[in-house]
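Trainee: Below is the structure I would like to discuss, written out as C-alpha cells.
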Amino acid sequence: MFIQRFIGKFVLSAAMLAFFILILAGCASSSTGKLIEGKTNVVTSFYPLYFLAQQIGGESANVINMIPAGVEPHDWSPKSRDLDTAAKAQLFLYNGAGLEGWVDDFLEGLPTDSKLITVEASEGITKISGSPEEDNDATDAKHVDPHTWVSPKSMLVMANTVQKNFVKADPAHKVAYTANYDKLEQRLKELDREYTDALSKTPRKDIVTSHQAFGYLARDYGLKQVAIMGLSPDAEPKAQDLLRITKFVKDNGIKFIFFEELVSDELAKTLANEANVSTMVLNPLEGLTPEQEKKGEDYFSLMKANLQNLVQALQ
Ligand SMILES: [Zn+2]
C-alpha cells in the first residue's frame, strides 16, 4: 500500500524536479568563467576537482568549473561553449570511471595539434564495480562506481595526480604547486586519520544512503553501504528493493537514513517514515549548493560534517 502511494508521490515530485531543472537549465546551465592570459587556465568537470585545482594551483591558476553550483553531475552535460573554453585551457581535469558520459566525445573531438593536457583524475585508484542486479539500464560504464572522491584515501591519490599535471602544464611554478600540494596533502592525511579513528570505534557499520555514492568511503573505512537508488541518483528503485531496504532497516536496528542536498529527499523521507527512523544528511560532495558556496563551505568542512553525522548514526 505505502509503496504505491509513495511511488505516486515520487513520480509527481520527479516531474516537478525535472520542470525546475529545465527552468534552471534555461538560465544557468554553464559556468561563466573566462580564460585569463598569463595564468594557468584549468577547466574542471565538477566540484571536487575544482577544489583540488584551486588548492594546488593557488595564485598561478585560473580555475573554471564547468558545472554550476546546485547541479548534480551525473546527468549533466556541458554546452558547446563550455567545451570550447576547456579546449583552449592548459589543463582539463575530469574524474573518469564513467562519471562524465560526455567526456569521450570531447577528448576525441580535440584537434590533433591541441596542447591541452587532459587528466583522468581517478586514474590509479582501484575501482569498485557497481551492482548490476540493482541497475535498471545497465551498461558497462555504469558498472564502475565513479565516486572515488568521497573517500579521503582516494582524494589523496587524486590530489597527487592533479599536482603532477600542474607541474607538467606550467613547470615555471613548480615550487609553488609543490608547496600548495604539501599543505593539502597534510590536511587530507589528517582527515583520513580522523575518519579511520572515529569509524573504527563505532559499534554499528551499516549505512543506508539515497544513491550509491559511498562505496569507496565504505570500503576504505570498514562500513557497509545499502543504497536506495543506484550509482546515479536518477535510477529509480523498484518496489521490491524498497521493501527489502525497509526490512533491512528494521532488522538491523538502523536509526538514520541518509539523504543528500542535490537530489530529492522524498525517497529517503518516505522510507524513514515507513521504518520509523530519522533522516540525516550525508553529502556525496558532487557539488556545492549556492548556499554552501556563499557560506564558504568546502570539501573539508563538508567531509567533517559527514563524519559527525556518520558517528552519530552508527552509535
Ligand atoms: Zn553520485
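The values are calculated or read from the model by the stated rules, or taken from the named source; none is laboratory data. Just so you know, these numbers come straight off a predicted model, no measurement behind them. FYI the Cβ positions are ideal-geometry reconstructions off the backbone, even for glycines, and counts take in every protein chain you see.
Trainee: Among all residue pairs at least 6 apart or on different chains, which show Cβ distances below 6 Å where the first residue, located in the range 215-236, is under 18 Å from Arg193 (Cβ atoms) and the second is near the ligand (Cβ under 10 Å from one of its atoms)?
Mentor: Qualifying pairs under 6 Å: Tyr216/His147; Tyr216/Val150; Leu217/Val150.
Trainee: Any idea which residue in the range 256-315 is nearest to the ligand (Cβ to nearest atom), counting only those that are buried (at least 21 other Cβ atoms within 10 Å of the Cβ) and of a type in the set (Gly, Ala, Ser)?
Mentor: Per the criteria, the residue is Gly287.
Trainee: Somewhere in the range 185-201, is a residue in a loop (DSSP other than H, G, I, E, B), at pLDDT 95 or above, more than 16 Å from the ligand (Cβ to nearest atom) and within 27 Å of Lys127 (Cα to Cα)?
Mentor: Checked against the condition, which is being in a loop (DSSP other than H, G, I, E, B), at pLDDT 95 or above, more than 16 Å from the ligand (Cβ to nearest atom) and within 27 Å of Lys127 (Cα to Cα), the range 185-201 yields no hits at all.
Trainee: Can you tell me which residue within the range 239-277, out of those that are in contact (Cβ under 8 Å) with a residue 24 or more places away in the chain and among the basic types (Lys, Arg), is nearest to Ala69 (Cα to Cα)?
Mentor: If we take residues in the range 239-277 being in contact (Cβ under 8 Å) with a residue 24 or more places away in the chain and among the basic types (Lys, Arg), then Lys255 is nearest to Ala69 (Cα to Cα).
Trainee: Checking the condition assigned to a helix (DSSP H, G or I) and either within 12 Å of the ligand (Cβ to nearest atom) or at pLDDT 95 or above (or both), which residue from Ala235, Ala218 passes?
Mentor: Result of the check over Ala235, Ala218: Ala218.
Trainee: Do the conditions hold for Ala275, that is, is it modelled with pLDDT under 95 and of a type outside the set (S, T, N, Q)?
Mentor: The answer is yes for Ala275.
Trainee: Here is a list of conditions, (1) assigned to a helix (DSSP H, G or I); (2) touching a helix residue (DSSP H, G or I) at 6+ places or on another chain (Cβ under 7 Å), and Val226 meets all of them except one; can you say which number that is?
Mentor: So the condition that Val226 fails would be (1).
Trainee: Answer yes or no as to whether Arg204 is more than 16 Å from the ligand (Cβ to nearest atom) and not in a helix (DSSP H, G or I).
Mentor: So Arg204 fits the description; yes.
Trainee: While we're looking at this one, here's another question. Among Asp241, Asp298, which is within 26 Å of Gln55 (Cβ to Cβ) and in contact with a helix residue (DSSP H, G or I) (Cβ under 7 Å, 6 or more places away or on another chain)?
Mentor: Every option except Asp298 fails the conditions.
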